[in-house]
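Heads up, the thing below is written out as structure tokens.
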Amino acid sequence: MLLKSFGAAALAAQLGAAQELMRFGCSQLSIDRIDPLVSPGSLPAPHMHQIIGGNSFNVTMTPDSHDPPTQSTCTSCTYSEDFSNYWTANVYFKARNGSYKRVPQMTNLGLKVQGGMTVYYIRGYQSAAKVTAFKPGFRMLVGDPANRDASKVPSGLCFRCESNINQSPFGGAPCTGSDTKAFPKSTCGGGWRVTVTFPSCWDGKNTDSPDHKSHISYPASGTFESGGPCPASHPVKIPQVMYEIMYDTRAFNNKAEWGTNGEQPFVWSHGDPTGYGIHGDYVFGWKGDALQKAMDSKCSGDACKALQRQDDKKAIACTKAQMAKEDIGTDTWLKELPGQGAMKS
Ligand SMILES: *[C@@H]1O[C@H](CO)[C@@H](O)[C@H](O)[C@H]1NC(C)=O
Ligand SMILES: *[C@@H]1O[C@H](CO)[C@@H](O)[C@H](O)[C@H]1NC(C)=O
């Protein structure tokens, strides 16, 4: 059966080549209108997010005073030494009458956590090369919620319209084939697989930068996961972090409810109807040297001798109460997107 046999070979096939990569599930920690990276201190932040990882996630996570492994009492990730936080915007369906409903997330192939995301740490093609784990306080951002230009979407960020729930036939490496930078324009029988990939080179000094991006870089040649050398400005190879978010759009496949001109009806929680504002946020929070050990041990999949793994049920049980009180719009129809006011259609 496909789910059971979703092992190392399938993982490698996912990325189109043999390489070590950790792939594990993190259940939904919370759906909240806070953003400690881009809008620290703001309660509420400008838009809604869905968050996974350590439960010390908070409105403010100042690097020198907030230590996720110390301050968290649980993590929604199955690797139980990982108290990092990973988050993205939410997707909403906009009905013809202008009301919004949140598109729920679903479990990915081979995993058992609920909602949330699938997280990858990829060593890359040069398996002999040293990969340096992130330092405490490290954080980064990829993509830009304000972007509305396809050409400005970084190469490792995209949407895949799955024709069925088994993601079959397999659509090849992320962001290849018929994957798009825009929201899918047709109905998808198996929902969407959204990929968010971070750059894999670091300046070796700064754990953050004013735009949360300048301290990291793509390889000097090639783009996403090409395994190319890091540029002189950012010489340190870091794990390539990648998120896969499975959005279950299946409840919204009735075209009679789509826009009157047949236009695709989905929007990001920051009010973007194009999809090009796709972005992801990361705050490192692995305990001690666990991530370095994982890299050195070439861990793959969601279990590895070098790391501790908790039961899926424990990961699922780790949730966090919403801090900015908002109707998350899963069961109810919302008149507007939280924080975005009434959108022009
Ligand atoms: C969030 O941070 C505030 C201020 O440091 C702290 O008082 C509060 O306990 C934190 N909340 C959670 C849920 O961790
Ligand atoms: C808007 O449309 C949705 C989907 O058809 C429907 O369920 C909802 O009741 C409508 N809301 C209003 C206020 O008409």
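Since every read-out is calculated from the coordinates, none of them should be taken as a lab result. Being a predicted model, the structure only gives us computed values, none of them experimental. Note: ideal-geometry Cβ built from the backbone for every residue, glycine included; neighbour counts use all protein chains shown.
Kindly provide the chymotrypsin sites (Phe, Trp or Tyr not before Pro) of the range 280-343 that DSSP labels as loop, not H, G, I, E or B, and whose Cβ sees at most 16 other Cβ atoms within 10 Å. Please list the in-between numbers first.
Values: sites: Tyr282, Phe284, Trp286, Trp333; in loops: Phe284, Trp333.
For chymotrypsin sites (Phe, Trp or Tyr not before Pro) across the range 280-343 that sit outside H, G, I, E and B with at most 16 neighbouring Cβ atoms in 10 Å, the list reads Trp333.
Please list the radius of gyration and Dmax for the range 71-111, considering alpha-carbon atoms only, with Å as the unit.
Just the Cα atoms of the range 71-111 yield Rg and Dmax of 15.5, 46 Å.
Largest first and in whole Å, give the semi-axes of the range 166-229's equivalent ellipsoid, each being the square root of 5 times a Cα gyration tensor eigenvalue.
Numbers: eigenvalues 188, 43, 17 Å².
Semi-axes, largest first: 31, 15, 9 Å.
Can you classify the range 212-313 as rounded, prolate or oblate using the Cα gyration tensor, where a ≥ b ≥ c are the square roots of its eigenvalues, rounded means a/c under 1.5, and otherwise it's prolate if a/b beats b/c and oblate if not?
Details: a/c = 2.89, a/b = 1.59, b/c = 1.81.
Verdict is oblate for the range 212-313.
In deg cm²/dmol, rounded to 500, what helix-only [θ] at 222 nm does the chain give when every DSSP H run of at least 4 residues adds -39500 (n - 2.57) and the total is split over its residues? Show your work: numbers first, answer last.
Details: 4 runs with 25 residues, N = 345.
Taking each H run of at least 4 residues, the total per residue is -1500 deg cm²/dmol.
Give me the number: length gained by fully extending Lys185 to Ala220, i.e. 0.36 nm times residue separation minus the C-alpha to C-alpha distance, one decimal in nm.
Working it through step by step, the gained length comes to 9.3 nm.
At most 12 other Cβ atoms within 10 Å and a DSSP loop assignment: could you name the trypsin sites (Lys or Arg not before Pro) in the range 301-335 that fit? Before the final figure, lay out the partial values.
Details: sites: Lys305, Arg309, Lys313, Lys314, Lys320, Lys325, Lys335; in loops: Lys305, Lys320, Lys325, Lys335.
Qualifying residues, ordered by number: Lys305, Lys325, Lys335.
Given H placed 1.01 Å from N in the peptide plane, which residues other than close sequence neighbours of Gln308 have an amide H under 5 Å from its amide H?
Ser80, Glu81
Taking the Cα centre of the range 243-345 as origin, work out the dipole magnitude from +1 charges on Lys and Arg Cβ and -1 charges on Asp and Glu Cβ, in debye rounded to 20.
Details: 13 positive and 15 negative charges, 77 e Å.
Around 380 debye, computed over the range 243-345.
I'd like to know which of Asn97, Ser84, Gln71 lies farthest towards the positive end of the charge dipole of the range 36-124, counting +1 on Cβ of Lys and Arg and -1 on Cβ of Asp and Glu.
Of Asn97, Ser84, Gln71, it is Asn97.
Can you pull a Stokes-Einstein diffusion coefficient for the chain at 4 °C (1.567 mPa s), Rh from Kirkwood over Cα pairs, as a whole number of µm²/s? The partial results should precede the final answer.
Numbers: Rh = 20.1 Å.
Result for D is 64 µm²/s.
Taking the Cα centre of the chain as the origin, how large is its charge dipole in debye, to the nearest 20, when only Lys and Arg (+1) and Asp and Glu (-1) carry charge on their Cβ atoms? Before the final figure, lay out each step's value.
Details: 34 positive and 30 negative charges, 97 e Å.
Using Cβ point charges on Lys, Arg, Asp and Glu, the chain gives about 460 debye.
Got a sec to turn the phi values of the range 176-190 into Karplus ³J(HN,Hα) couplings, 6.51 cos²θ - 1.76 cosθ + 1.60 with θ = phi - 60°, whole Hz, x for Gly and Pro?
Ordered by residue, 3J(HN,Hα) equals 10, x, 8, 4, 10, 7, 8, 4, x, 8, 10, 6, 10, x, x Hz.
State the Cα centre-to-centre distance between the range 306-343 and the range 68-125 in whole Å.
9
Using the Cβ atoms and a cut-off under 15 Å, what net charge is assigned to the surroundings of Met295, where Lys and Arg are +1 and Asp and Glu are -1? If you can, show how the numbers build up before the last one.
On the way: positive: Arg23, Arg123, Lys130, Lys135, Lys237, Lys287, Lys293, Lys298, Lys305; negative: Glu20, Glu81, Asp82, Asp289, Asp296.
So the environment of Met295 carries a net charge of +4.
Show me the ranking of peptides 193-205, 289-301 by mean Cβ neighbours inside 10 Å, starting with the highest. Walk me through the numbers before you get to the answer.
Working: 193-205: 21.6, 289-301: 18.5.
Output ranking for 193-205, 289-301: 193-205, 289-301.
Relative to the Cα centre, what is the charge dipole magnitude of the range 34-166, using +1 at the beta carbon of each Lys and Arg, -1 at the beta carbon of each Asp and Glu, and rounding to the nearest 20 debye? Before the final figure, lay out the partial values.
Working: 12 positive and 8 negative charges, 101 e Å.
Using Cβ point charges on Lys, Arg, Asp and Glu, the range 34-166 gives about 480 debye.
Using only Cα atoms, what is the ratio of the radius of gyration of the range 245-284 to 2.2 N^0.38 Å?
1.46
Based on the Kirkwood radius over alpha-carbon pairs, what is the Stokes-Einstein translational diffusion coefficient of the range 19-172 at 4 °C with 1.567 mPa s viscosity, in µm²/s?
Working: Rh = 17.7 Å.
Rounded to a whole number, D works out at 73 µm²/s.
For each pair in Lys112/Lys320; Lys237/Lys287; Lys213/Lys325; Lys135/Lys298; Lys185/Lys213, compute the distance between the two Cα atoms and list the pairs where it is over 28 Å. Display every interim value, and only then the final one.
Values: Lys112/Lys320 19 Å; Lys237/Lys287 20 Å; Lys213/Lys325 30 Å; Lys135/Lys298 19 Å; Lys185/Lys213 30 Å.
Long pairs (Cα-Cα over 28 Å): Lys213/Lys325; Lys185/Lys213.
Expected output is a single nm value to one decimal: the length gained when fully extending between Ala251 and Asp311, i.e. 0.36 nm times separation in residues minus the C-alpha distance. What is it? If you can, show how the numbers build up before the last one.
Numbers: separation 60, 0.36 × 60 = 21.60 nm, distance 3.01 nm.
Roughly 18.6 nm would be gained on extension.
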